[in-house]
Every structure is written in structure tokens, then in C-alpha cells.
Amino acid sequence: MIDLNIPISIGTFLGTAIALLLSFKLSQSYDRWWEARKIWGSIVNDSRTFVIQLKWFAKKGGEDLTDAMAFRQIAWCYSLAQNLRRESATENLNSFISDQELKLISNRDNVPLALLDNHSRDISILHNEELINNFQQIQIDNTVVKLCASMGQAERIKNTAFPKTYRVTLHLFIYIFLITLSLSLTEIKSLIEIPIMVFISIPFFLLEKIASTIQDPFENTPTDIAMTSISRTIEINIKQQLELENIPKPLTTDTFYIL
């Protein structure tokens, strides 16, 4: 009869190696999630800056155009969030942009980019009509460039998949570790060995699941970046900057997460 009693040191070595691999994956997954959150933090700041520049740079006579651009910035935030989640990028934008503009951008593959393009067009109009000077045009253009850069960074995270082979390989070695460990504990009674094996395996699978969940922060799941809530915050801030009435309330939820 073959003796399958494997030394406990082998199981210990495998467990240590897998723990290091798990910590690496969890760190990389969290880096992706945190980078996505920083990107949306930059979008909040740049959106506020954009409206401040429009409000105080433009001379009298350009209020209608600058207000339209401010509302378009709100639309851009919602559109970008929906686009990253593979939802309709034009849904619910009619409250912020004209029907004509909405119709023109609806056929674009990248609706948020089309909205930024319209920003640049209107900045050029403000400059040509001498409602802003050369320096002010450069400053507002720089803010639009920052918004475009943030959009590109978010799209890079969205379109760069975490290698699936990493997860498959990690699962394989976790199973090998558990089998090896079970063969190392043959001297222990099954009534005790089974709870021990379950207790040891739970952290490995749980950490791997957490890493796999947070590695894609734009998938419309509970662990996503709360882009809709952030967009609502931007909407509130911009409407208050424009000194409007009927300011919407921040998003709330009865569940444990806010998207």
C-alpha cells in the first residue's frame, strides 16, 4: 500500500508561496480601483474649475453660452459614467443639453468625447467674439485637456483586462495546496481535519474573490466607483455655482452601496 502521508513542511511552504501571490494580486487589484477613484476625484476638481473659469473669465454678453457649457459639463460626467459601464451614453442627458445637440452626438461612437469637442468649439466662439482673451482661452483649454486626459485614463482601465490566466493558475495552486495539506494531516481524525481544512481554505478563496471583484471598477457592481453619485455631486456643485434654484439632493440608497 502506498503511503501518501506528505510532510507538513511541504504544505506550509506551498501555503506561504500562495499567500504571497494572493497579496500581490490583491495589491494590483486595489491599485486599479484606487487609480479609478483618483481619476474621478480629478474629474470633480476639474469640473468645478471649468465652471469657475467660465463664470469669471467671460465678459458680459456670454452668459447664455457659458451657462450652456456648464450644463454640458454635467452631461459629460453622467455620459462618461454610463459609457464606462457600457450603458447608453446619451440616456437622461436631455435635461442638460439641447435636443439639437443631443441628436448630433447620438451617432458618435464616443459621446463624452463629442461633448468635449463641443466645449472646445464654444471656447473658440468666446475667444473669437472677444468675450475672453488669449490667456483665458489657454487656461480654459488646459482644463478641457485635463478632462480629456482623465477620460482616457478611465477608458484605459476599462479596456485593459486583468489576465484571466492569473486567476486560473492561482486557483489551481490553491487546490494543490489544500490537497497537499489534507495528505499531511492524515493522522488527524476526519471529524477534526475537515473543519480545519475549511477554516484554512476560506481566507485564500475569500481574498482571491475580493481581488477579482475590485480589479474592474467600472462594471456596475456594488464594489464599483460610485460614478453616478459623484456625477450628482458635480451637478449640485455646478448648479450652486450658477446660483440656480431647485438644486437636487445627493443620491441616497436603502441598500449598503451607492452606484
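Where a number appears in this text, it was derived from the coordinates with a stated rule and is not lab data. Quick caveat, the model's predicted, so the values are computed rather than measured. All Cβ positions, even for glycine, are placed from backbone atoms using ideal geometry, and neighbour counts span all protein chains on display.
May I ask for the angle, rounded to the nearest 10°, between helix 227-241 and the longest principal axis of the chain, with both axes built from Cα atoms and the value confined to 0 to 90°?
30
Quick check: net charge around Ser98, other residues with Cβ under 15 Å of its Cβ, Lys/Arg +1 and Asp/Glu -1? Display every interim value, and only then the final one.
On the way: positive: Arg72, Lys103, Arg121; negative: Asp64, Asp67, Asp99, Glu101, Asp122.
Result for the neighbourhood of Ser98: -2.
Ranked by Cβ crowding within 10 angstrom, fewest neighbours first, how are His127, His171, His119 ordered?
Working: His127 17, His171 13, His119 22.
Listing His127, His171, His119 from fewest to most nearby Cβ atoms yields His171, His127, His119.
Please list the equivalent ellipsoid semi-axes of the chain, computed as the square roots of five times the alpha-carbon gyration tensor eigenvalues, in descending order and whole angstrom.
Working: eigenvalues 582, 57, 42 Å².
In descending order the semi-axes read 54, 17, 14 Å.
Suppose every Lys and Arg Cβ carries +1 and every Asp and Glu Cβ carries -1, with no other charges. What dipole size does the chain come out with about its Cα centre, to the nearest 20 debye? Kindly include the intermediate steps, with their values, before the conclusion.
Details: 24 positive and 28 negative charges, 81 e Å.
Its charge dipole is roughly 380 debye.
Net charge near Asn45, counting Lys/Arg +1 and Asp/Glu -1 over other residues with Cβ under 14 Å of its Cβ?
On the way: positive: Arg37, Lys38, Arg48, Lys146; negative: Asp46.
Combined, the nearby Lys, Arg, Asp and Glu give +3.
So which GluC sites (Glu not before Pro) in the stretch 82-164 pass both tests, a DSSP loop state and at most 16 other Cβ atoms within 10 Å of the Cβ?
Values: sites: Glu87, Glu91, Glu101, Glu129, Glu130, Glu155; in loops: Glu87, Glu91, Glu129, Glu130.
When the GluC sites (Glu not before Pro) of the stretch 82-164 are filtered for loop state and at most 16 Cβ neighbours within 10 Å, Glu87, Glu91, Glu129, Glu130 remain.
Lysines near Lys103 by alpha-carbon distance under 25 Å, same-chain residues fewer than 8 away left out - which ones?
Cross-link targets: Lys239.
Can you check what the net charge comes to around Val168, using other residues whose Cβ is under 15 Å from the Cβ of Val168 (Lys, Arg +1; Asp, Glu -1)?
Once all neighbours under 15 Å are counted, the net charge is +3.
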